[in-house]
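Here's the structure we're looking at; comments come further down.
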Amino acid sequence: MNRTIRAFAIALAALYGLAGSLGVQAQDYPIRPIKLIVPFSAGGPTDVTARSVAQRMGAILGQPVVVDNRTGAGSTLGTDVVAKAPADGYTLLFGTLSLAINATLYPKLPYDTVADFAPVGKVVNTYLVLVTTPSFPANNLKEFVDVLKANPGKYNYGTAGIGSGLHLASEMLNSKVGVQGMHIPYRGNSMVVPALLGGELQYAFLGMDSAVPHLKTGKLRALALTSPQRDVSLPAVPTFTESGVPGFEIGIWMVLEAPKGTPPAIMRKLNDALNRALASSEFSEMASKFAGMVPMGGSTPEATDAFIREEIVRWAPVIKATGAKPE
């Protein structure tokens, strides 16, 4: 055997050995705790949802799934940690709508939202409700649009900051129905409700869970939901489609992702564990505590990948039209 043939044989043996090693690793996976990066602070709905998923997946996989909150730079810091992690299934990302928004909002990301990740599956969708103060002169969406068209820029609406989901939902509505209010950006969702109750704002999009307590007491008025159908927590409130704005559906979604290149066998195990976790009574009980939260169990990695790509395309023109820049 000459040197060339011998070198080729050694390389081929090494390749088969590597493939066999990866196969064994995938078959035995997981053999140690899994880290779940949540690029948001602890305590909010995203963190609570992630911890519920982690607990159930850990029980199914036989190893702890440990939540690690890595906040900063609009969720890009934590996301980058996962993008650069080994593709072995031991570092995962709990992503949200911000993944799709940041792909356009940030001119230079340290990662590629599509190329650097392997989606495991969808987790939940949470929907928004358009609310006004009780004194606002409109009782339904049509009257709301008529008032704003007659008074452009007169009424204040608030969001969780420029480039946030609430801001872009508001801008999409402005474009869809041809209205314009005065945008007041705040630093976070928690500041919008007090501003509404205090009279600084006249209307806003809110997460349903934030809105429901104040809607039930009459301190706020609901006009329309961004969900595909009415929600049991607000059965009298119509959807935007019912109110004459067809297709205006916006979900603040959450997904589970792994680094690109994670072995298919590990991806299958993760997807199976995720969907079983979402189908559990414990997760359903957790989700029921948040108005407007809908579990999205049963998704596949392929469908989730297509969904994220579609969301990037959907939000890109809205972001560009606003001229929004990262804060």
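The values are calculated or read from the model by the stated rules, or taken from the named source; none is laboratory data. Quick caveat: nothing in here was measured; it's all calculated off a predicted structure. Every residue, glycine as well, gets a Cβ built from its backbone with ideal geometry; the counts of neighbours run over all protein chains shown. Calculation scope for accessible area: heavy atoms of the full protein, side chains included, ligands and nucleic acids excluded. Shrake-Rupley method; radii C 1.70, N 1.55, O 1.52, S 1.80 Å.
Excluding ligands, DNA and RNA, the accessible surface per residue across segment 181-327 is 47 Å² with a 1.4 Å probe. Taking a straight line from the alpha carbon of Lys142, these aspartates and glutamates sit under 14 Å away, with near neighbours fewer than eight places off in the same chain left out: Glu242. Counting only Cβ charges, +1 for Lys and Arg and -1 for Asp and Glu, the dipole size of segment 246-306 around its Cα centre is about 160 debye. For Tyr155, nonlocal amide neighbours, meaning residues 5 or more places apart or on other chains whose placed amide H falls under 5 Å from its own, are Met182. For segment 181-327, the gyration tensor built on C-alpha atoms gives a prolate shape. Its axis ratio a/c (a ≥ b ≥ c) is at least 1.5, and a/b is the larger of a/b and b/c.
Within the full protein context, the accessible area of Ser98 is estimated at about 20 Å² for a probe radius of 1.4 Å. Checking the cross-link pairs Lys108/Lys260; Lys260/Lys325; Lys35/Lys269; Lys35/Lys260 against a 21 Å limit on the alpha carbon distance flags Lys260/Lys325 as lying beyond it.
Accessible surface for segment 90-172, divided over its residues, is 32 Å² per residue with a 1.4 Å probe. Near Leu36, the amide H atoms lying under 5 Å from its own belong to Val66, Val67, Asp68, Leu92; only residues 5 or more places off or on other chains count, and H is placed 1.01 Å from N. Under 5 Å between amide H atoms, partner at least 5 residues away or on a different chain: which partners does Gly121 have, H built in plane at 1.01 Å? Sorted by chain and number, the residues that satisfy this are Leu256.
For Lys176, the solvent-accessible surface with a 1.4 Å probe is about 110 Å², rounded to the nearest 10. Across the chain, Cα pairs under 8 Å and at least six residues apart give a relative contact order of 26 percent. Computed from phi, the 3J(HN,Hα) profile of segment 238-254 under the Karplus parametrisation 6.51, -1.76, 1.60 (θ = phi - 60°) reads x, 7, 4, 4, 4, 8, x, 10, x, x, 7, 10, 10, x, 8, 8, 10 Hz, with x in place of Gly and Pro.
Scalar couplings 3J(HN,Hα) for segment 180-192, obtained by applying the Karplus form with A = 6.51, B = -1.76, C = 1.60 to θ = phi - 60°, are 8, x, 9, 7, 10, x, 10, 9, x, 4, 5, 8, 6 Hz; x denotes Gly and Pro. Computed on protein heavy atoms with a 1.4 Å probe, the accessible areas place Arg276, Arg314, Arg32 in the order Arg276, Arg32, Arg314, largest first. On a per residue basis, the convex hull of the C-alpha atoms belonging to segment 102-191 measures out at 148 Å³. Using only alpha carbons, segment 224-310 has a radius of gyration to Kirkwood radius ratio (Rg to Rh) of 1.05. Of the residues Lys142, Lys35, ranked by 1.4 Å probe accessible area with the largest first, the sequence reads Lys142, Lys35. Within the accessible area of the chain, the carbon and sulfur atoms contribute 57%, probe 1.4 Å, all protein chains present. Result for the chain in a Gaussian network model with C-alpha springs under 10 Å: among Asp28, Asp47, Asp272, the largest mean-square fluctuation is at Asp28. For the chain, the membrane-span-like helices by this rule, meaning whole DSSP H stretches whose C-alpha atoms cover at least 15 Å of axis and whose Kyte-Doolittle mean is 0.0 or above, are 3-28, 45-61, 165-177; this says nothing about an actual membrane. Largest accessible area first, the listed residues Glu171, Glu242, Glu249 line up as Glu242, Glu249, Glu171 when surface is computed with a 1.4 Å probe on the assembled protein chains. For the chain, taking Cα atoms only, Rg and Dmax work out to 22.7, 90 Å respectively. What the pair-distance distribution of segment 159-229 shows, using all Cα-Cα distances binned every 5 Å from zero, is 3, 16, 27, 28, 19, 7, 0 percent.
Rolling a 1.4 Å probe over the protein chains gives Tyr127 an accessible area of about 30 Å². The mean sequence distance of close C-alpha pairs (under 8 Å, at least 6 residues apart), as a share of the length of segment 48-104, puts its relative contact order at 23 percent.
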